Amino acid sequence: MDSVVAALRVRLGEDAVLADEPMDGHTTFRTGGPADIFIMPGSFKEVKESISILKENNIPFMVIGNGSNLLVRDKGIRGAVIQLGRRLSKVDVDGEFVFAEGGALLTALSAKAAENALSGLEFASGIPGTVGGAITMNAGAYGGEMKDVLISVEVLTEEMEVKTIPVEALELSYRHSILLKDGYILLRAKLKLKNGNPEEIKTKMAELGEQRREKQPLQYPSAGSTFKRPQGYFAGKLIQDAGLKGKRIGGAQISEKHAGFIINVGKATTQDILDLIAFCQQTVYEKFGVRLETEVKIIGEL
């Protein structure tokens with residue numbers, strides 16, 4: 001592993017490749033054990049070079065963004081993590097078109113759109129993920145979804161080819177896309193917005209931000225909604241109706257403000273969160289016969 005780290009550092013630089021890096025600093029839950037190798041490429045070429053080195057050495061890898069939908073187990077991740085983050089976060093505006101690299105934060109993207117009097121991304125202004133993660137999962141809120149504003153994406157395939165895919169071919173639906181299914185890595189996205197009134201756009205963003213603060217426990221580390229929406233139900237209401245608001249295991253708690261959120265109220269381990277997830281699932285199934293599936297992605301060594 002040391003020789004692989006050394007090879008990666010020769011290509012990407014010393015500060016772009018970390019060994020035994022704790023994942024609690026790279027997930028919004030603020031939990032998780034160490035990744036053997038943590039890579040922060042600064043260009044699409046470096047993404048390809050990193051993957052080539054890892055494949056040559058038979059080291060498994062995964063790609064993450066802001067870690068806003070991840071739960072990393074306490075033993076950490078064997079292999080490598082490639083983070084498409086701030087080093088790949090460029091956003092360019094050309095008229096009504098916006099070009100964003102996969103590591104750009106949605107908060108920064110929506111702010112850039114507002115600065116340029118472009119409407120259509122107000123819904124995304126409070127979503128804490130990256131463009132890559134948001135499109136891969138077709139993130140949405142308050143009646144808007146990424147597929148509403150997306151034109152096309154550039155991806156890196158498992159065969160190491162860069163490919164442009166139009167939105168119509170992405171099969172975007174609730175928390176689903178072919179990016180997820182086919183293992184594509186999103187490099188860049190092209191979006192089309194609409195010219196609007198700057199003040200109206202900023203007012204709308206402020207209103208949605210206030211709604212989030214009123215309804216969601218934003219002051220605590222979490223991964224947003226813990227569970228997917230079961231067909232015909234709302235996960236948060238099922239958990240609330242099961243009497244689980246405020247239920248706590250270790251440092252993990254079901255939010256008093258929104259039962260659909262599990263939050264880290266103080267030095268929670270990932271196991272605390274997993275135990276609370278399992279308790280929710282069992283209780284809701286026993287009371288209502290509904291199986292809750294996690295929206296948060298659980299990764300790492302068992």
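Where a number appears in this text, it was derived from the coordinates with a stated rule and is not lab data. Since we're looking at a predicted model, the values are computed, not measured. Ideal geometry is used to build each Cβ from the backbone, glycine not excepted, and the neighbour counts take in all protein chains shown.
Stretching the chain fully between Val290 and Tyr174 yields a gain of 39.9 nm (0.36 nm per residue, less the alpha carbon separation). Net charge of the neighbourhood of Ser225, taken over other residues with C-beta under 11 Å away and scored Lys/Arg +1, Asp/Glu -1, is +2.
In region 180-302, one over the average inverse separation of all distinct C-alpha pairs is 16.6 Å, which is the Kirkwood hydrodynamic radius. Scattering from the C-alpha atoms of region 19-174 alone, worked out with Debye: what is log10 I(q)/I(0) at q = 0.09, 0.13 1/Å? For region 19-174 at q = 0.09, 0.13 Å⁻¹, log10 I(q)/I(0) is -0.31, -0.64. Between Ala19 and Glu256, the FRET efficiency from the beta-carbon distance, with R0 = 45 Å, is close to 0.65. Relative to the 2.2 N^0.38 Å rule of thumb, region 88-155 has a C-alpha radius of gyration ratio of 0.97. Filter the chain for me: DSSP H helices, axial length by Cα at least 20 angstrom, mean Kyte-Doolittle hydropathy not below 0.0. List them by residue number. Membrane-span-like by this criterion, though nothing is claimed about a membrane: 270-288. A Förster radius of 22 Å combined with the Cβ-Cβ distance from Arg229 to Asp182 puts the calculated FRET efficiency at roughly 0.35. Against the empirical curve 2.2 N^0.38 Å, the C-alpha radius of gyration of region 122-241 lands at a ratio of 1.20.
Each principal axis of the chain carries a Cα extent, and these read 54, 51, 31 Å when sorted largest first. Segment Phe279..Glu200, full-extension length gain: 24.1 nm, with 0.36 nm per residue of separation and the alpha-carbon distance subtracted. Taking each DSSP H run with n ≥ 4 as -39500 (n - 2.57) and averaging over every residue of the chain yields -9000 deg cm²/dmol at 222 nm. Modelled label positions at Ile59 and Glu301, each set 7 Å beyond Cα in the direction of Cβ, lie 1.5 nm from each other.
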